[in-house]
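A short write-up of the structure that comes next.
The values are calculated or read from the model by the stated rules, or taken from the named source; none is laboratory data. Bear in mind the structure is a predicted one, so any value in this text is a computation, not a measurement. Ideal geometry is used to build each Cβ from the backbone, glycine not excepted, and the neighbour counts take in all protein chains shown.
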Amino acid sequence: MELVLTKHFGNERYRHLDTYTELGGYEALRKAFSMSKEAIVEEVKKANLRGRGGAGFPAGVKWGFLPKDLSRPRVLVINADEGEPGTFKDRLIMSRGPHLLIEGIVITCYALETHVCYIYIRGEFAREEGILQEAVDEAYAKGFLGKDILGAGFDLDVTIHRGAGAYICGEETSTINSIEGKRGWPRVKPPFPASVGAFGRPTIVNNVETIADVPWIVTHGGDRFHALGGAEKNGGTRLVGVSGPVNRPGIYELPAAVSLREVIYTHAGGLKDGKTLKAVIPGGSSTPVLKANEIDVTFDIESMQKAGTMTGTSGVIVIPEGTCMVRALSVLMNFYAHESCGQCTPCREGCGWLAKILHRIENGQGRKGDVALILDVCDHMMGRTICALADAAVMPAQSFIWKFREEFDQHIRDQKCPYGNRF
Amino acid sequence: MPNFTLNGISVDVPDGTTILQAAKTVGIEIPHYCYHPKLSIAGNCRMCLVEVEKFPKLQIACNTHVTEGMVVKSNTEKVKEAVTGVLELMLIHHPIDCPICDQAGECGLQIYYMKYGLHKSRYALEDKVHKKKVQDIGGQIVLDAERCILCSRCIRFLQEVTHTSELEFFQRSNHSEISIFPGEPLNNNYTGNLADICPVGALTSKDFRFKCRVWFLRGAKSICPGCANGCNVEAHFKGDILYRFQPRQNDEVNQTWMCDPGRLEYKRANDARLLTPVVREDGSPRAASWEAVFSAVAFRLWETMEKDGPESVAVIASPQFSNEELYLTRKLAEEVLRTPNLGFSPRTPGNGISDDFLIKADKNPNTRGAQLLGISEEKFEDIVRKVAGGKVKALLVFGNSIADFSEEETERLLADVPFVVQVGTNEGVVSRAAHAVLPSASFVERGGTFTNHAGRVQRFWMGFPPRGKSRNAIEIITGLANRLGAGWKFAGESSVFRAITGSEAPFAGMSYESLGESGHVAGGKG
C-alpha cells in the first residue's frame with residue numbers, strides 16, 4: 001500500500017532538510033507554485049481530506065469559509081496541541097517528518113493567500129518543538145520560508161507558539177486565544193474563526209496531520225488521494241495510534257477501509273500475554289467505547305458514526321478483560337474534571353460532579369440511584385456548552401454505562417469493586 | 001426588520017437583535033446571569049438556552065441573532081428541563097448561606113430557584129468545593145468566592161467600562177474563581193457597580209454590609225446630588241433613613257452606572273441634619289417653632305430693608321437646590337426683598353476629583369439650573385465684597401457652605417453681618433454662625449428638578465416626608481415671602497415648575513409629564 005506520510009519515517013535523517021529534499025521533498029511546493037490557487041483548493045476538495053483533529057470536517061470546505069475579500073490579512077493556525085488521551089500521531093509527524101508539515105503549510109498558505117502561520121504546539125512537546133523549530137530555521141535558511149519563497153514572489157512567516165499544557169487549548173478558539181496571549185478558553189461563536197479569528201483576522205485552524213497530507217495531494221492529485229482511503233468521502237490514509245496491552249503498540253498508517261479488528265489484531269499484533277479484548281475506545285478518550293463484539297467496523301467516519309462512535313483522532317485504546325470499567329471511566333472523568341476550562345456552568349460543574357460520583361462508586365461507597373444520576377447529569381451537559389469539552393466527557397460516560405451497566409450496578413450493590421480496586 | 005415567532009407570538013425586531021433582547025420587548029422573560037445589556041456577550045452561564053427551529057441543539061438566546069422567519073420556543077419541556085439542569089449545576093457548590101448574605105432578597109439564584117428550580121439537592125454535602133469567603137478586594141467591595149457563579153460580568157465591567165481589569169479568573173474547572181492579582185486591589189472610582197451587576201452575593205457592598213435586609217427597603221427615583229453629572233439613582237430607604245443609592249438606567253446620562261463617591265452621597269440625608277428651626281439671640285441658639293422663626297426672620301428683613309435700604313440685604317443662592325427652589329429664591333430676592341444682591345457660587349470645599357466618564361469637577365447637581373435661571377457667579381463675588389465691606393446688614397444663605405471657603409474664612413465673613421439666615425439641610429459652619437436656621441428637606445424628602453452639566457432637566461421624586469421639623473424649601477421660601485406680603489399661591493413643586501416653564505425661555509414647553517424619567521435638555525435640544 002502506498003504511504004502518504006510515514007514512508008521515510010524510519011530514516012533518522014528525514015527530519016533534516018537535505019535528506020527531505022533528496023527524497024523528493026518540496027517538489028510538491030514547486031508544483032503548487034505552478035498551479036493556480038483555486039486549482040490547489042479544488043484538488044484538496046476532490047481528495048476528501050477530512051480534518052484529522054477529531055471532527056473530520058472536510059479541509060477544502062473549511063477553507064471555503066474564508067471571506068472572499070482580501071482586505072483583512074488571513075492567518076493559518078496549525079493545531080499541534082495534541083492533547084486527546086490515546087493520541088500521539090502528530091507528535092510522530094513533527095519529530096520524524098517536520099518538513100512534511102512545513103511544506104504543507106507553505107502550499108496551504110499559498111492557496112489561501114495567507115502570509116502568517118502559527119504552529120500552536122502542546123506545552124509538553126518540548127523535544128518536538130526543538131525538532132520543529134530546527135526544521136523551520138532550515139526552511140528559512142534555504143528559502144522555503146520567509147520572503148519570496150523559491151522566487152515565486154510569495155512571502156510567508158511561520159511562528160511556533162508553545163502552549164502551557166491545557167487540554168482545552170486544542171479547541172480551535174482556545175488555541176487562538178492562547179496564541180493571542182489570553183486565557184486559553186473557547187470563544188462564543190459566532191463569530192467563527194474564518195471571519196474573526198487570531199488577532200481579529202480571518203483564520204483557518206487545521207490539524208498537523210491534515211496539513212501534512214497536502215503535499216502528497218498536490219503531487220499525486222486529489223482523486224488518487226481519495227482512492228487511497230478506500231471508503232466513500234474518506235480520502236487518504238490515517239495515522240492510527242494503538243495503545244494498551246497489545247503486542248505492537250504504535251502508529252500505523254492505514255486507509256479508512258481498514259476495520260478496527262484488523263487494526264488491533266493484524267497491525268498491532270493482537271493482545272499480549274493471552275489477554276482477551278473487553279472494549280475499545282476507537283478515536284481518543286472522548287469517543288464512545290465499543291464492546292469486544294463491535295469491532296468489525298471500518299475506520300471511516302460514516303461507518304464509525306453508524307456504529308455509535310467516532311473515528312475522532314484515531315487513537316485506539318485497547319481495554320483487556322480484567323479491567324474495571326468503573327475505574328477506567330473514573331480515570332477519564334478525573335481528566336475532564338481537571339481540564340474543563342471552567343467557563344460554562346454545565347461543563348465546569350458537571351465534569352467534577354461525574355468524577356466525584358464515579359470515585360465513590362469505585363471506592364465502594366456508591367449510592368442507590370448513582371448510575372441514573374450520572375446519566376441525568378450527562379443529559380444536562382451534552383450539547384449545552386460553548387465548546388465540545390462537555391460532550392467529550394459525556395460520550396465516554398454514557399457509553400461506558402450503556403455498555404457495561406451491570407459492572408456499575410455491581411459496584412453499588414456489593415459496595416466494593418469486584419476487581420478489588422480502591423482509590 | 002426581521003420578523004420571527006417567539007412562543008407562537010409574531011415579533012418584528014430591528015436587524016441585529018438577539019433573541020434575548022427581542023423577548024424582553026414582548027415581555028417574555030428568558031432567564032440569564034452572564035448577559036448584561038451594557039457589557040459584551042460571554043455566553044457562559046447557559047441559562048438562556050432556547051429551542052430554535054432547524055437547530056438540533058438548544059441555542060443561547062443572548063448570542064443568537066434573530067433572522068427572518070426564525071421560530072423560537074422558550075417555553076417547551078426541553079427548555080425548562082435544560083434551565084433547571086443548569087441551575088442545579090450552578091447551585092451544587094453554592095454555600096446556601098442566604099441568612100447571612102446581603103444579596104438575599106435580590107439574588108438571581110434565589111429568584112430563579114423559585115421560578116425554575118425547586119429541585120431537591122442531589123449533591124453530596126461533603127463534595128462541595130470550598131473557596132475563600134469575606135475577601136476585601138479594595139474599593140467598596142467584599143468578595144465571597146464561594147457564592148460566585150463565574151458569570152464574568154465583573155471582569156467584563158472592569159475591562160470594558162473602567163478599562164482597569166483588576167479582576168480575572170484564576171484556576172480551572174470547578175476550582176475556578178475570580179480574584180484580584182496579588183497585592184493589586186480594585187483601583188477605580190466605579191467599584192460599587194460591581195455589587196450591582198453581580199447577580200449573586202459574591203460581590204457585595206462594604207458600606208451596605210449587614211445594614212439592612214433588602215426586603216425592608218423602599219425606593220425613590222432620585223438624582224445623585226454629588227456632582228453636576230446628575231446620575232439617575234434609586235434611593236433606598238427604610239423609615240426616614242437612607243441606606244444606599246443604586247444607579248437607575250439613563251443612557252443619556254449614566255447608562256447603568258454611578259461613581260463610588262456618589263454612591264456614598266446618601267449619607268448627607270442621614271447625618272448631621274438640621275431638624276428643627278433655630279433662632280440665635282444674644283449668641284445662644286434655641287429651638288423655635290416655625291411660626292416664631294418665620295416671624296423673627298421676616299421682621300428683621302423688613303426692618304433692615306426699611307432702615308438701610310434693599311441693597312443692604314443679600315441672598316446667596318445654592319446650586320444644591322432644585323430649579324423650582326432657585327426660581328423662588330430669585331423671585332424672593334427680586335420681587336419681595338427687591339435687592340440686586342443675588343448670586344451663587346458653584347465652588348465647593350474640598351478637592352473635587354473628576355474624570356472623562358461620570359465624575360464632574362463641579363460638585364453641585366444644579367449649577368446649570370442656577371445659570372439658566374439668570375443667577376450669576378459675578379454677583380456672588382460682588383456680595384462677598386459687600387459683606388467684607390460691611391455693607392450687608394442681612395444675609396440669606398441657602399445651602400450648608402459658602403463657595404469653597406474654609407470654615408475660618410466663612411466664620412470671618414459672617415462675623416460682621418448683623419443678621420444671617422440659613423436655609424439648609426446639614427449642620428456646619430453656616431448653621432453655627434446663623435442667627436436663624438430654617439431646616440430644609442433633603443433631596444429624598446422632596447421632589448423637583450435638577451439641570452445637569454449638559455443642560456438636561458431631570459426630575460427627582462420624594463421618598464418620604466421631611467425628617468424632624470424640616471420643611472420643603474419651597475414652603476420655606478413661600479412662607480417667608482408671604483410674611484413679607486408677597487401673597488404667593490404656590491402649592492408644591494409642580495406649580496412652581498409650571499411657573500418656570502411659563503416665564504423662563506430655556507424651560508419653555510417642558511412639563512413634569514414630558515420630562516418623564518429620563519429628562520429633557522433645556523433650550524429644546526432634545
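Filtering region B:362-371 down to residues that are out of contact with any strand residue (DSSP E or B) (no Cβ under 6 Å at 6 or more places or on another chain) and touching a residue at least 60 places away in the same chain (Cβ under 8 Å), which residue is farthest from B:R263 (Cα to Cα)? Please lay out each step first, then the result.
Here is the first cut: in region B:362-371, the residues out of contact with any strand residue (DSSP E or B) (no Cβ under 6 Å at 6 or more places or on another chain) are B:362-364, B:367, B:370-371.
Still in the running and touching a residue at least 60 places away in the same chain (Cβ under 8 Å): B:362-364, B:367.
Numbers: B:D362: 16, B:K363: 14, B:N364: 15, B:T367: 20 Å.
Here the residue is B:T367.
Considering each residue of region B:249-263 in turn, at least one proves to be charged (D, E, K, R) and more than 28 Å from B:K132 (Cα to Cα). A count restricted to region B:156-182 and to residues that are within 13 Å of chain A (Cβ to nearest Cβ), under 16 Å from A:K182 (Cα atoms) and touching a residue at least 40 places away in the same chain (Cβ under 8 Å) stands at 1.
Looking only at region B:472-525, filter to residues that are of a type in the set (K, R) and more than 20 Å from B:L337 (Cβ to Cβ); which one of those is surrounded by the most Cβ atoms within 10 Å (Cβ to Cβ)?
First, the residues of region B:472-525 that are of a type in the set (K, R): B:483, B:489, B:498, B:525.
When the remaining residues are screened for being more than 20 Å from B:L337 (Cβ to Cβ), the result is B:498, B:525.
Working: B:R498: 15, B:K525: 10.
Applying the filter and picking the extreme gives B:R498.
Looking at region A:349-403 only, could you name the residues that are of a type in the set (D, E), within 12 Å of another protein chain (Cβ to nearest Cβ) and more than 22 Å from B:Q59 (Cα to Cα)?
Residues of region A:349-403 that are of a type in the set (D, E), as a first pass: A:349, A:362, A:370, A:376, A:379, A:391.
Then keep just the ones that are within 12 Å of another protein chain (Cβ to nearest Cβ); that gives A:349, A:370, A:376, A:379, A:391.
Passing the criteria: only A:D370.
For region B:115-134, does any single residue satisfy the condition of being in contact with a strand residue (DSSP E or B) (Cβ under 6 Å, 6 or more places away or on another chain), of a type in the set (K, R) and within 14 Å of chain A (Cβ to nearest Cβ)? Checking region B:115-134: at least one residue is in contact with a strand residue (DSSP E or B) (Cβ under 6 Å, 6 or more places away or on another chain), of a type in the set (K, R) and within 14 Å of chain A (Cβ to nearest Cβ). If you go through region A:238-260 and keep only what is surrounded by fewer than 18 Cβ atoms within 10 Å (Cβ to Cβ) and either on the phi > 0 side of the Ramachandran plot or more than 21 Å from the chain's Cα centre (by Cα) (or both), you end up with A:P245, A:N247, A:R248, A:G250. Under the condition of being within 9 Å of chain B (Cβ to nearest Cβ) and free of Cβ contacts under 8 Å to residues at least 40 places away in the same chain, the residues counted in region A:302-336 number 0. Once region B:52-71 is narrowed to residues that are away from every other protein chain (no Cβ under 13 Å) and part of a loop (DSSP other than H, G, I, E, B), the residue that is nearest to B:C34 (Cα to Cα) is B:V66. Applying the condition of being in a loop (DSSP other than H, G, I, E, B) and either under 15 Å from the mean Cα position of the chain (by Cα) or within 17 Å of A:A337 (Cα to Cα) (or both) to region A:149-177 and asking which residue is farthest from the other protein chains (Cβ to nearest Cβ) yields A:E171. Applying the set (1) buried (at least 19 other Cβ atoms within 10 Å of the Cβ); (2) out of contact with any Lys or Arg (no Cβ under 6 Å at 6 or more places or on another chain); (3) over 19 Å from B:A235 (Cβ atoms) to B:A441 leaves exactly one unmet item: (3). Listed by position, the strands (runs of 3 or more DSSP E) contained in region A:185-264 that have at least 2 residues being not assigned by TED's automatic domain parsing to the domain that holds A:I301 are A:203-207, A:237-243. Filtering region B:38-51 to residues that are buried (at least 24 other Cβ atoms within 10 Å of the Cβ) and more than 9 Å from chain A (Cβ to nearest Cβ) leaves B:C48, B:V50. Within region A:39-54, the set of residues being in contact (Cβ under 8 Å) with a residue 60 or more places away in the chain and either surrounded by fewer than 22 Cβ atoms within 10 Å (Cβ to Cβ) or not hydrophobic (A, V, I, L, M, F, W, C) (or both) comprises A:V41, A:E42, A:E43, A:K45, A:K46, A:N48, A:R50, A:G51, A:R52, A:G53, A:G54.
Screening A:A166, A:A141, A:A231 for residues that are in contact with a Gly (Cβ under 8 Å, 6 or more places away or on another chain) and of a type outside the set (D, E, K, R) leaves exactly one candidate, A:A166. Remark: A:E27 falls outside the filter, which requires a residue to be surrounded by fewer than 20 Cβ atoms within 10 Å (Cβ to Cβ), modelled with pLDDT under 95 and not small (G, A, S). Quick one: in region A:129-174, which of the residues that are free of Cβ contacts under 8 Å to residues at least 40 places away in the same chain and farther than 30 Å from A:S34 by Cβ is surrounded by the fewest Cβ atoms within 10 Å (Cβ to Cβ)? Among them, the one singled out is A:G130. Total residues in region B:357-382 satisfying the condition of being hydrophobic (A, V, I, L, M, F, W, C) and within 20 Å of B:A473 (Cβ to Cβ): the figure is 5. Taking the criterion of being within 10 Å of B:R153 (Cα to Cα) and more than 12 Å from chain A (Cβ to nearest Cβ), the only residue of region B:25-37 that qualifies is B:H36. Residues in region B:237-261 that are part of a strand (DSSP E or B) and touching a helix residue (DSSP H, G or I) at 6+ places or on another chain (Cβ under 8 Å) were compared, and the one that is farthest from B:F464 (Cα to Cα) is B:P247. Restrict the check to region A:112-127 and report whether at least one residue is modelled with pLDDT of 95 or more, within 22 Å of A:R238 (Cβ to Cβ), in a loop (DSSP other than H, G, I, E, B) and within 17 Å of the chain's Cα centre (by Cα). Within region A:112-127, one or more residues are modelled with pLDDT of 95 or more, within 22 Å of A:R238 (Cβ to Cβ), in a loop (DSSP other than H, G, I, E, B) and within 17 Å of the chain's Cα centre (by Cα). Does region A:129-150 include one or more residues that are outside the structural domain of A:Q343 (by TED's automatic domain parsing) and within 20 Å of A:E84 (Cα to Cα)? The answer is yes; a qualifying residue exists.
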